[in-house]
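The values are calculated or read from the model by the stated rules, or taken from the named source; none is laboratory data. These numbers come from a predicted model, not from an experiment. When we count neighbours, we look across all protein chains shown, and the Cβ atoms used for this are built from the backbone with ideal geometry, even at glycine. All accessible areas refer to the heavy atoms of the entire protein, side chains included, with ligands and DNA or RNA removed. Shrake-Rupley method; radii C 1.70, N 1.55, O 1.52, S 1.80 Å.
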Amino acid sequence: MDKRKQTFDQAELELLKEGLNRSYKERFEMATRLYKIQQTMSKASISHKPFISK
């Protein structure tokens, strides 16, 4: 269990380092994409139609 936590912590640090290497433009584009997805999901509505077999 301890080894799994170490590998998880290592992977998390790798992602943080990778994020720091990105340029401001890349960060902005990613944030914009996430914002657009969030806006789309907040406007979405899920409706259920019962399945009718013929």
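Mind checking the chain for GluC sites (Glu not before Pro) that DSSP puts in a loop (not H, G, I, E or B) and that have at most 13 other Cβ atoms within 10 Å?
The qualifying sites: there are none.
Sort Met41, Met30 by accessible area with a 1.4 Å probe, largest first.
So the residues, ranked largest to smallest area, are Met41, Met30.
Kindly provide the helix-only [θ] at 222 nm of the chain, computed as the sum of -39,500 (n - 2.57) over DSSP H runs of four or more divided by all residues, to the nearest 500 deg cm²/dmol?
Only helices count here, giving -25000 deg cm²/dmol.
Leu15 to His48: FRET efficiency via 1/(1 + (r/R0)^6), r the Cβ-Cβ distance, R0 25 Å, to the nearest 0.05?
Once rounded, the FRET efficiency stands at 0.10.
So how strong a dipole does the chain carry about its Cα centre when Lys and Arg Cβ are +1 and Asp and Glu Cβ are -1, to the nearest 20 debye?
Result for the chain is approximately 420 debye, rounded to the nearest 20.
Say the dipole of segment 1-44 comes from +1 at the beta carbon of Lys and Arg and -1 at that of Asp and Glu; which of Gln6, Ser23, Tyr35 then lies farthest toward its positive end?
The one lying farthest along the dipole's positive direction is Tyr35.
At 0.36 nm per residue, and after removing the present C-alpha to C-alpha distance, how many nm does the segment from Thr7 to Met41 gain when stretched out fully?
Length difference between fully extended and current span is 9.0 nm.
Two decimals is fine: what's Rg over Rh for the chain, C-alpha atoms, Kirkwood radius as Rh?
Using only Cα positions, Rg/Rh for the chain is 1.31.
What's the carbon and sulfur percent of the chain's accessible surface, probe 1.4 angstrom, rounded to a whole number?
Carbon with sulfur: 61 percent of the solvent-accessible area.
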